[in-house]
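A short write-up of the structure that comes next.
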Amino acid sequence: MGSKNFGARVTRFEDVALVSGKGRYVDDIQIAGTLHAAFLRSPHGHARIKSIDTSAALRCEGVHAVLTAADLPERMRKQRMPLLLPNATMSTLRTQHSLAVDEVCYVGQALAIIVADNRYLAEDALAAIEVEYEVLKAVSDVRAALAAGAPRAHADLDSNVVSEFVMNYGDVDAAFASAPHVFREELWQHRGGGMAMETRGVLAQADVTTDSLTLWSSTQTPHIARRMLAEVLDVDVESIRIIAPDVGGGFGPKAIFYPEDAVVAHASRALGRPVKFIEDRREHFLCATQERDQYWNVEIAVDNDGNILGVRGDMLHDTGAFVPWGIIMPYIAGATMPGPYVVPAYRLACTVAFTNKVATTPVRGAGRPQAVFAMERLMDRVARELRLDPAELRRRNYIRPEQMPYSVGLIFRDGKPLIYDSGDYPRGHDAALDLAGYQGFPERQASARALGRFIGIGVASYVEGTGLGPFEGVTVRILPDGKVRVTSGATSQGQGTRTTLAQIVADRVGCRIEDVAVTIGDTAGIASGVGAFASRLAVNAGSSASIAGDHVRVSILKLASRALGLPESEIDLEDGKAIGRGGNRPAISFGELSRAAQGMPGFSLDAGQPVGLEHTAYFAPTQASYCSGTHVAEVEVDVGTGAVKILNYSVAHDCGNVINPMIVDGQVQGGVAHGIGNALLEWMQYDENAQPLTTTFADYLLPMATDVPTCAIAHVETPSPLNPIGVKGAGEGGTIPAAAAIIAAVENALSPFGVRFAETPLMPNRIVQALEEAGAYAQQVA
Amino acid sequence: MKPAPFEYHAPASLDEAVALLATLDNAKVIAGGQSLVAMMNFRYAMPDHLIDLGNIASLSGLHFDAQILRIGSMTRQREIEFSAALANKVPLLKAALAHVGHRQTRNRGTLGGSLAHADPAAELPTVCLALDAEIEIVGAAGARVVPMRDFTNGFMTTALGYDEILVAVHIRPWRLGHGYSFQEYARRHGDFAVAGAAVLLDANHDGVIERASVALCGVADRPIRRDEAETALVGQVLDESIIARVASLAGDVEATGDIHGDATYRRHLARVLTTRALREASSRMTTKKRETA
Amino acid sequence: MTTTHSISVNINGQTYARVVEARMTLADFLRHEIGLTGTHLGCEHGVCGACTVLIDGRSARSCLTFAVQMNGRTLTTVEGLNVAVGLSPLQQAFQEHHGLQCGFCTSGMLMTLTELLSDNPDPTEQEVREVLTGHLCRCTGYAGPVRAALAAAEHLKGIKGAA
């Protein structure tokens, strides 16, 4: 059994359809008779609904239904959406109603659905719904939410606090009390969106003849969505099939089950017609979940050589108006902060509070970018204060490879002790510095400055818990035509999951990769499933694919041994055939074996003969596996305008064994682009009434092709011992340290002026303001 | 984000278009549609009638005579960008077009559409202002010509009457060899400017500035000329101290702020970008040959 | 108030006659009336570029154009790029160089790059990046599309050189 495909740069078989315009995204699925939905959404950050009059809307051309909460079945009307991830520290478990009942708590919250012949007509009718609101005070800034007299995000709650918890180990106060140096930083990171290029979408088709419901959804998590939908609609979970067809990017917000999805499903059942809802971009800005608002007040204690003695502080997390995914992001942030360093003592006190903004849930990185930003800003501060090279300071503090597995001392988000399974942080660090030409940078910087140019370099390292459970299943089945069918609860929003699973299975069973047909994202494909988030599919689904493939291989060999009259040890599986070694190399195809494995009607199978050539494996990791990396950003700052240009970007990345380097490089590069957006461009701005101000792509700025350089990428492979294929996740690492590295580089570029930055996104006007305050313009640098 | 219903009209002549505009209620002219249709998709603009100028051939194209360049309002930005004659006679236009939107929007977007839309951060109105362009307008009451200085008269508002159509832009090219520069800062390639500066310079054979034009975008509710800066330039031979003084004058404006930058930042940018534009324009300027007796 | 109009438009070499409502955007027309769903809508306000098609050979946003304006025009969509033997060199390059991940923005990029390579068979990386600023991509970080465009240009030059 070779590994012809595992580890190889295999081009993706998703691509041929996609580059030909033959992808099938939700909105591309067109069923005759489909009606189209639009939602009436709150224009206020916080208001009481006094009355809704839908009668005029019902009379509009082409309108089939207008539903408000009052029109929903009792259970849907009364119950809030299920909370996916409860947590004992949460004092307030508050999720949305399917449609707002008597109060709206963020701009964009849905009050009513209009179902019409097409979306144009549905939007026309929106204007005809009359709502009387009593506008309530809204809370926009999470820091203000904690003040004694602050408006409440929900009128019936006594407090905006959702949860307060402390993560700690070691005697951190003692460490600080005796430390020679203590440095404190106040930092914040602002919220942005997932901004997949395909917005959310759902097409529901209720079938009254079978009392079943099919939902095509751009979800990252079809099995979870099915469970939640069954609960909301109060129907048998197995009467629902959810299919995630081609999905145009996910990045976290599509992992959430949204109230609108349930309302659309209900509308289809009520009307007996397929109903489609495609979120438009404005709605995506208003209603798709966002992430990253956190305020950090942290300090670090170090000895005279820069060795870390302790880290402590507090952090405030803005969860928005609801908590559909619990308090996962602040928790992950707290667990991520110690990172790749030996931090002997640690304490972070976290507060999670409501505001009248759309809920925050994981967006690529999920709390980790904020934590890495906090830790790396502290490290840069230490380096500056102790006059150490920032890279050298990090090198002194890394956990050594011989310390693996390394127990940090915390409990991770998966409920298991935070134990780094593998990694070689110094090696990754050196690899990134080599790619970046770090040694030669001072010379480059000096030459640039002689020409009046300001270039700088920044380094950031991180450790990321990936491959979270509970499980993901894979079924491998040899079909009568010899093709190998693979199904899984895994999903893909562009990660090439079909190709990577095929690579694994082709190697295990011994067939050509083009003979593997992968079906994912369909609840009908496999009994149980979880979905794509937390960089988990290579670990979970990849391992299951390997295990299932091995089982099928065993069955093939057993059957082939009988058919060929040879011992199993003398049979090779190649190109979809079992081939006897030696002699005239007798062979039998997988197709023939598959047919034989089905037996003949009425005849008994031989004793011990496998029934069908198939196996389903559900790999369930015992804990997270920890990927790591170091990023080096080299930037140029235009001191006249405050513009930052990224000149070079280097990444050393350890996701364990690499299944497909082309795909992993693509994940890293794309992740870095997202990080560049977070660092410099993407600012989801709200006014003091929690009214969003940046709801177009002209105001909320995504990185463009001229903003993102092609990264230099090195793979450091320390295989994870926790799964059979030695992999760790790769989907988010590109994003996690990017902002930290870029802001460090900007500071370094501007070191002649001694300006400091503690926030992202770092806007050009902020850079100019800092330079102005530092007196830079008195020196005629522009 | 689907537009509200409207009636569509595609007149074949300017007269027909003007007549429609004069008689229909809540009618709007569509040129390239690159701003208008986005506003209609958001339902920020909800005209009952849309009058498409796309079939009126006389509105497109570039015409040169001895002194005046006439650019039809429906001339696509792309055509201006790739016109060799324009690059030669009015190089500032081409320089500014490099910052206007993206290839895909310049293929459809028109000069007239940009001027009529009058976004205060837009490049083309600023360049037309710097060039002292004249705007040819036709309406039910007849034709008139409005200097660009009087054409934009507020935030996204112009001198165009409700029944008037922008027909053409007249530009008097500067002497061949004049200095020109368009400098802007936008957050990303192709975005509207946070601020920008257009500069034109001409000097005599001794390098003494005889004629200067300085216009800014993005700092006020409309593109603005900086007369004080121009006055300070004329009669000078440019050096760094004069550039600094002029840029400082140029940047001394009542600026407006928005989510992409406050007024202080925009004043700062006006100064920095004017400095850069003056330097570049000066370096591009070929001084006049000394007249021989 | 709603008016309909008869239009005739050539799309990917085939002529279609349809009656359309004035307000129907070209993107919705292509997707829902003609069934060419390879043209995607990512923002409907002309920034993301996913809906880019060629109008008389020129790249343009189909969300910022009304179908009624296309009477008598010639359009090319991503479905018109495939050649008899399968993928065009540009499409192949996108597969070979990992020019796409989710594929949603890809159709638009392919249309713009088709126009670029016909205008300028030997673009620099900077020129490729500048035309791609008309397209937002959240997956790739643009490295793959840029590589693919440059590789396709090389390939096409080779074909021309051989001819």
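The values are calculated or read from the model by the stated rules, or taken from the named source; none is laboratory data. Treat the numbers as computed from the prediction; the structure is a model and nothing was measured. Because the Cβ atoms are built from the backbone with ideal geometry, glycine has one as well, and the counts that use them run over all protein chains shown.
Could you tell me whether any residue of the stretch A:32-43 is among the basic types (Lys, Arg) and within 14 Å of another protein chain (Cβ to nearest Cβ)? Within the stretch A:32-43, one or more residues are among the basic types (Lys, Arg) and within 14 Å of another protein chain (Cβ to nearest Cβ). Pick from the stretch C:143-163 the residues that are within 16 Å of C:Leu90 (Cβ to Cβ) and within 7 Å of another protein chain (Cβ to nearest Cβ): which of them is surrounded by the most Cβ atoms within 10 Å (Cβ to Cβ)? Looking at residues that are within 16 Å of C:Leu90 (Cβ to Cβ) and within 7 Å of another protein chain (Cβ to nearest Cβ), I get C:Gly144. Of the residues making up the stretch A:475-528, those that are among the hydrophobic types (A, V, I, L, M, F, W, C), in a loop (DSSP other than H, G, I, E, B) and either over 29 Å from the mean Cα position of the chain (by Cα) or more than 23 Å from A:Ala230 (Cα to Cα) (or both) number 2. Checking A:Gly467, A:Gly452, A:Gly494, A:Gly489 one by one, the residue that is buried (at least 19 other Cβ atoms within 10 Å of the Cβ) and either within 14 Å of another protein chain (Cβ to nearest Cβ) or without any contact (Cβ under 8 Å) to a residue 12 or more places away in the chain (or both) is A:Gly494 and no other. Residues in the stretch C:44-76 that are touching a residue at least 40 places away in the same chain (Cβ under 8 Å), within 12 Å of chain A (Cβ to nearest Cβ) and part of a loop (DSSP other than H, G, I, E, B): C:Val47, C:Cys48, C:Gly49, C:Ala50, C:Cys51. Filtering the stretch B:203-219 for residues that are within 14 Å of chain C (Cβ to nearest Cβ), in a loop (DSSP other than H, G, I, E, B) and surrounded by fewer than 24 Cβ atoms within 10 Å (Cβ to Cβ) leaves an empty set.
Quick check on the stretch A:172-188. Is at least one of its residues more than 14 Å from every other protein chain (Cβ to nearest Cβ) and farther than 30 Å from A:Pro344 by Cα? Within the stretch A:172-188, not a single residue is more than 14 Å from every other protein chain (Cβ to nearest Cβ) and farther than 30 Å from A:Pro344 by Cα.
Residues are listed down the side, and each one gets a yes or a no for (1) in the same structural domain as C:Ala143 (by TED's automatic domain parsing); (2) charged (D, E, K, R); (3) over 18 Å from A:Lys22 (Cα atoms); (4) touching a helix residue (DSSP H, G or I) at 6+ places or on another chain (Cβ under 6 Å):
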residue: C:Ile11; (1), (2), (3), (4): no, no, no, no
residue: C:Thr15; (1), (2), (3), (4): no, no, yes, no
residue: C:Thr25; (1), (2), (3), (4): no, no, yes, yes
residue: C:Cys43; (1), (2), (3), (4): no, no, yes, yes
residue: C:Cys51; (1), (2), (3), (4): no, no, no, yes
residue: C:Leu64; (1), (2), (3), (4): no, no, yes, yes
residue: C:Thr74; (1), (2), (3), (4): no, no, yes, no
residue: C:Gln95; (1), (2), (3), (4): yes, no, no, yes
residue: C:Gly99; (1), (2), (3), (4): yes, no, no, yes
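Determine whether A:Arg387 is more than 20 Å from A:Gly731 (Cβ to Cβ), modelled with pLDDT of 95 or more, more than 29 Å from the chain's Cα centre (by Cα) and not hydroxyl-bearing (Ser, Thr, Tyr). Yes, satisfied.
Residue by residue through the stretch C:120-137, note down the ones that are of a type outside the set (Ser, Thr, Tyr) and surrounded by 14 or more Cβ atoms within 10 Å (Cβ to Cβ). C:Pro123, C:Glu127, C:Val128, C:Arg129, C:Glu130, C:Val131, C:Leu132, C:Gly134, C:His135, C:Leu136, C:Cys137 - these are the residues of the stretch C:120-137 that are of a type outside the set (Ser, Thr, Tyr) and surrounded by 14 or more Cβ atoms within 10 Å (Cβ to Cβ). Restricting C:Thr15, C:Thr37 to those that are β-branched (Val, Ile, Thr), out of contact with any Phe, Trp or Tyr (no Cβ under 7 Å at 6 or more places or on another chain) and facing chain A (nearest Cβ under 8 Å) reduces the list to C:Thr37.
Considering the stretch B:32-59, the residues that are part of a strand (DSSP E or B) and of a type outside the set (D, E, K, R) include one that is farthest from the other protein chains (Cβ to nearest Cβ), namely B:Ile51. Determine whether the stretch A:605-619 contains at least one residue that is closer than 30 Å to A:Ala714 by Cα and in contact (Cβ under 8 Å) with a residue 40 or more places away in the chain. Taking every residue of the stretch A:605-619 in turn, at least one turns out to be closer than 30 Å to A:Ala714 by Cα and in contact (Cβ under 8 Å) with a residue 40 or more places away in the chain.
In summary, A:Asp699 fulfils each of the numbered conditions (1) under 23 Å from the mean Cα position of the chain (by Cα); (2) within 14 Å of chain C (Cβ to nearest Cβ); (3) of a type in the set (Asp, Glu) with the single exception of condition (1). Set side by side, the residues A:Ala353, A:Ala374, A:Ala383, A:Ala359 differ, and just one is touching a strand residue (DSSP E or B) at 6+ places or on another chain (Cβ under 7 Å) and under 20 Å from A:Ile743 (Cβ atoms), which is A:Ala374. Here A:Thr214, A:Thr199 are screened, and the one residue that is surrounded by fewer than 24 Cβ atoms within 10 Å (Cβ to Cβ) and not in a helix (DSSP H, G or I) is A:Thr214. Is it the case, given these coordinates, that C:Gln69 is assigned by TED's automatic domain parsing to the domain that holds C:Phe29, among the polar types (S, T, N, Q) and more than 14 Å from C:Arg31 (Cα to Cα)? The answer is yes for C:Gln69. For the stretch A:699-714, the set of residues classified as touching an Asp or Glu at 6+ places or on another chain (Cβ under 7 Å) and without any contact (Cβ under 8 Å) to a residue 12 or more places away in the chain consists of A:Thr706 only. Identify the residue in the stretch A:231-253 that is on the phi > 0 side of the Ramachandran plot and within 16 Å of the chain's Cα centre (by Cα) and, among all such residues, is nearest to the other protein chains (Cβ to nearest Cβ). Result: A:Gly249. Selection within the stretch C:114-142: residues that are more than 8 Å from every other protein chain (Cβ to nearest Cβ), assigned to a loop (DSSP other than H, G, I, E, B) and of a type in the set (S, T, N, Q). The member of this set that is farthest from the chain's Cα centre (by Cα) is C:Thr124.
Does the stretch A:751-763 contain any residue that is surrounded by 24 or more Cβ atoms within 10 Å (Cβ to Cβ), within 30 Å of A:Ala532 (Cβ to Cβ) and within 21 Å of the chain's Cα centre (by Cα)? Checking the stretch A:751-763: at least one residue is surrounded by 24 or more Cβ atoms within 10 Å (Cβ to Cβ), within 30 Å of A:Ala532 (Cβ to Cβ) and within 21 Å of the chain's Cα centre (by Cα). One residue stands out in the stretch A:1-31 among those that are among the β-branched types (Val, Ile, Thr) and in contact (Cβ under 8 Å) with a residue 24 or more places away in the chain: the one that is farthest from the other protein chains (Cβ to nearest Cβ), namely A:Ile31. Could you check, for the stretch B:11-19, whether at least one of its residues is in a helix (DSSP H, G or I), touching a strand residue (DSSP E or B) at 6+ places or on another chain (Cβ under 6 Å) and under 27 Å from A:Ala705 (Cα atoms)? No, the stretch B:11-19 has no match at all. Among strands (runs of 3 or more DSSP E) entirely within the stretch A:603-694, having at least 2 residues that are at pLDDT 95 or above, under 22 Å from the mean Cα position of the chain (by Cα) and surrounded by fewer than 20 Cβ atoms within 10 Å (Cβ to Cβ) singles out no element at all. Selection within the stretch A:334-361: residues that are within 28 Å of A:Asn689 (Cβ to Cβ) and not hydroxyl-bearing (Ser, Thr, Tyr). The member of this set that is surrounded by the fewest Cβ atoms within 10 Å (Cβ to Cβ) is A:Cys350.
Going by what's in this entry, would B:Arg43 be described as of a type in the set (D, E, K, R) and either assigned by TED's automatic domain parsing to the domain that holds B:Ala17 or in contact with a strand residue (DSSP E or B) (Cβ under 6 Å, 6 or more places away or on another chain) (or both)? Yes.
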